[in-house]
Amino acid sequence: MTPGLSKGPALEEAIPVAWTIYDGDEHGNFMEKLDTRIRNHDRDIERMCNHHYQGFIDSIRELLQVRSQAHKLKTEVVRIDEEAQESAKQLLAKSEEMVKTRKVQSNICAAVDALTLCLPVLTTYSKLQSQMKDKRYYPALKTLEQLEHTYLPRVASYRFAQQMRDNIPRVREDIKQASMSDIKDFLEAIRRVSTRIGQVAMKHAAFQYNMDPKLAVTRNERFAGLPANPFTGESYEAQAEALSDEEEEMSAQDLINFAPVYRCLHIYTVLGARDQFETYYRQQRREQARLALQPPTNMHENLEGYRQYLYGVVGFFVIEDHVLNTGNGLVTRTYLDEVWDMASGKVVNNIRNHSSYCTDTYLMLNIKNLIMLFAHTLQNYGYTVNPLHELLLEVKDHYNEVLMQKWVQVFRDIFEKDNYHPVQVETPEEYSRIIEVFPYHDASLEKAQFPKPFPFSMMVPKVFQEVKVYISACLEFSEDLNLSQTEKEDMVRKSTNLLLTRTLSGCLATLIKRPGLRLLQLIQITINTLHLEHANVLLEHYVAKLTGSIEDSTKPGLGRLQGKAMFKDIRGEAEEQIYIALRLKIDEFLDLAAYDWMLAEPKGMSSSFVTDLIAFLNSTFTAFTNLPRRGEARGVKHIVLLRASRPSLPGAAHIYRGQIGRKWVRVAQTACMSACQHVAKSLMAMLLCEDVKQMSLAALEQVNLDVIQCEQFAAFEPVEGFEEGALLMCFADLRQLLDLFMTEDWSTYFHDYGSENSKYLRVSPHNAIIVVEKLREGEKRGMFSILKRSDKKKLLETVLKQLKQLTQQQHAS
């Protein structure tokens, strides 16, 4: 039975035994006996190994002796083999040497005869190969002609001669292609260094025109490696980038060697392919021009992008101008003018497009100077630069737009930080600082003790100063643009007018409509606009001074700024806002009115809301006294300009307060009249309100007391300058209505109705009917004794009937 088969039954027998052991408590005894059995087997194995150990050691020693003897045998065999190979090698070398010597001896005689005949041909051909290797293509053409017509016919019987003859057209074509490869290397080289050439040319032009040479700043960059010049062995970058003291004395054309162009042109002329070379050269240069005219994508971000772009364009046309003058017709003036016409249009469009993204005024000034230097440089080489001058005018317009956008924020910051309170100075130094910025002079203010209050807030001198800064910034761009005095002045005035009428006007319009602006702040803003309006003439003289123009009194329309009209419009809006704010404030007081329309007895004094309202109006119109009154304005001119011919005060401008005072009196009068009219209309509306269905005579008397208080305010004339009784007329409708009901003078009313001399001319039957009906409803609540109530009722019924008759008559007529 095999071992595999014998395990089956044994395993089957062992399984019940294992179950018996684990089911019972014999597991421990079983493990002890199993360990005892394992130790017995280990002792048997150890005894067996000890018995055979000495035989194993002896066998190992015998094997070691056999290995030593085998190694000695192998060494001896290798030595014998090497000796045999060395002997055979020497024999083979001697045999090969003998064979070679015999061959050489047999060939020498034949070679001497052949070389004697072919040596001139081979020498000439070698010379040709050497010239081709050195890229001396024009001498190679002469050597090729000598070989073809002089030496090759002598060896016509040799096959190599026929091969040479067959290769001559190919060699000519190789020379042509090799020279073309050189011109390609040259074109690539000048494309890489044209930026440097343009930079040097613009730097020289900057010195010539006394411009800032930093516009053509030299960069310490290195160009990538280029192949060596095939004619001189010198690298193009070494010629173009070796900036030293000598470079300052070099012209732009000296930075590169033009020999490859001339030599290639000469080779193509000899080969009869000059037209082909001219076409190729011009086509390649047109392509390079298109590449040079492509601006960097981020050119508008910094000045360096514009520099590199314009350097490349200048470098291209400086190179072409040099080829025009030295290239023996390779470039013509007609061709160059066509390329420049195409290039100038693209340059103008690219600069226009990229500069339109620019919002940095300092960068735009540098761009302007760079464009001017670019134009001067190309003009020196005979190119027409009129489109560039037109471009500068367009850039100037964008520069002014950017300036105005910048000044929007400047004005907003001024308006945001201003407290809209009159400036008050504590020391002479503070007073002088204000006067230096904004030349405001008033005799009474100068004589006053410190602290001295100016009528305007800090907004006025700050805005005035910023407008002057803007004018200077506009003029800075107009410098060196080859503009006449008149053109320069007109441009500056036009820009200033746009700043005043669009930027400053818009900021002021936004300011006066800003939510949360208090009435007194609106009043101060209006005062400020008055001073800014009359400072307009100072700005006109400032422009004239900066531009060097002479004002001509015979031409009143010359060079006038439009600030006055703008400030008048803004002041009109501000005044309207004042009136609106005043009415809103009055409405706040009137909303506090809580009339008891069925009042039994009047209070004997005006209502509290009327008292508060009158106090507010008095304090408000007192604020208008911050400006000069009519007496102060009498005989005083507003603006006196002291010309520069006055050595004591050269070019100073003095502002006086006369006209400002008169104008502000008008504003105060309008506001006061508007307030009185609004109060009268509001009180009348309360009497006639449809929500009030009934009314007592006592309530009417209380309204009468309130109207009397308002009339006293009007009679006091809180703002001087009104005709006598003008303000009282605002309350005339209300007064006549109340008098009519207080006195019950109905007979006079009906008798004089329709007469111009009627005592109650302003009382309409319609309004009277409304009040009578409310009193009639109030009488029903028993406010009077029974007898009086009956009489009162009859009177009201009679009056109401007659009033309705009058109303019907009016409708009928």
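The values are calculated or read from the model by the stated rules, or taken from the named source; none is laboratory data. Here the structure is a predicted model, which is why all the values come from computation and not from measurement. For neighbour counting, all protein chains shown are included, and Cβ atoms are generated from backbone atoms with ideal geometry for every residue, glycine included.
Here are some notes:
- Filtered residues of region 693-721 (kept if in a loop (DSSP other than H, G, I, E, B) and either within 19 Å of Asp587 (Cα to Cα) or of a type in the set (Lys, Arg) (or both)): Lys693
- Within region 434-463, considering residues that are outside any loop (DSSP other than H, G, I, E, B) and over 28 Å from Ile512 (Cβ atoms), the one modelled with the highest pLDDT: Glu436
- Some residue of region 547-556 being in a helix (DSSP H, G or I), modelled with pLDDT under 80 and touching a Lys or Arg at 6+ places or on another chain (Cβ under 9 Å): yes
- Filtered by the rule that a residue be at pLDDT 80 or above and buried (at least 19 other Cβ atoms within 10 Å of the Cβ), region 481-497 gives Met491, Val492, Arg493, Ser495, Thr496.
- Qualifying residue in region 578-592 (condition: modelled with pLDDT of 65 or more, within 30 Å of Glu476 (Cα to Cα) and either touching a Phe, Trp or Tyr at 6+ places or on another chain (Cβ under 8 Å) or of a type in the set (Lys, Arg) (or both)): no
- Region 726-759, subset within 30 Å of Val665 (Cα to Cα) and in contact with a helix residue (DSSP H, G or I) (Cβ under 8 Å, 6 or more places away or on another chain), residue surrounded by the fewest Cβ atoms within 10 Å (Cβ to Cβ): Ala726
- A search for C-beta distances below 7 Å between a residue of region 122-136 that is without any contact (Cβ under 8 Å) to a residue 24 or more places away in the chain and part of a helix (DSSP H, G or I) and any residue that is buried (at least 18 other Cβ atoms within 10 Å of the Cβ) and β-branched (Val, Ile, Thr), counting only pairs 6+ apart in sequence or on different chains, returns Lys127/Thr143; Gln131/Thr143.
- Of note, Pro153 satisfies the criterion of being loosely packed, with under 13 Cβ neighbours inside 10 Å, assigned to a helix (DSSP H, G or I) and at pLDDT 80 or above.
- Test: residue in region 468-477 that is modelled with pLDDT of 80 or more, in contact with a helix residue (DSSP H, G or I) (Cβ under 8 Å, 6 or more places away or on another chain) and within 11 Å of Phe411 (Cβ to Cβ): yes
- Search result, residues across region 415-430 that are outside any helix (DSSP H, G or I) and of a type in the set (Phe, Trp, Tyr): Tyr420
- Filter result for Val347 (touching a residue at least 12 places away in the same chain (Cβ under 8 Å), in contact with a Phe, Trp or Tyr (Cβ under 9 Å, 6 or more places away or on another chain) and of a type in the set (Val, Ile, Thr)): yes
- Residue ID - surrounded by the most Cβ atoms within 10 Å (Cβ to Cβ), chosen from residues in region 262-303 that are of a type in the set (D, E, K, R) and closer than 18 Å to Thr334 by Cβ: Arg285
This table checks each residue for (1) under 30 Å from Pro260 (Cα atoms); (2) of a type in the set (Val, Ile, Thr); (3) in contact with a Cys (Cβ under 9 Å, 6 or more places away or on another chain); (4) exposed (fewer than 14 other Cβ atoms within 10 Å of the Cβ).
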| site | (1), (2), (3), (4) |
| --- | --- |
| Glu320 | yes, no, no, no |
| Gly327 | yes, no, no, no |
| Leu330 | yes, no, no, no |
| Ile351 | no, yes, no, no |
| Ser355 | no, no, no, no |
| Cys358 | no, no, no, no |
| Thr361 | no, yes, no, no |
| Met364 | no, no, yes, no |
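- Any hit, region 693-700, residues being modelled with pLDDT of 85 or more and touching a Pro at 6+ places or on another chain (Cβ under 7 Å): yes
- Selection status of Thr529, surrounded by fewer than 21 Cβ atoms within 10 Å (Cβ to Cβ) and of a type in the set (S, T, N, Q): no
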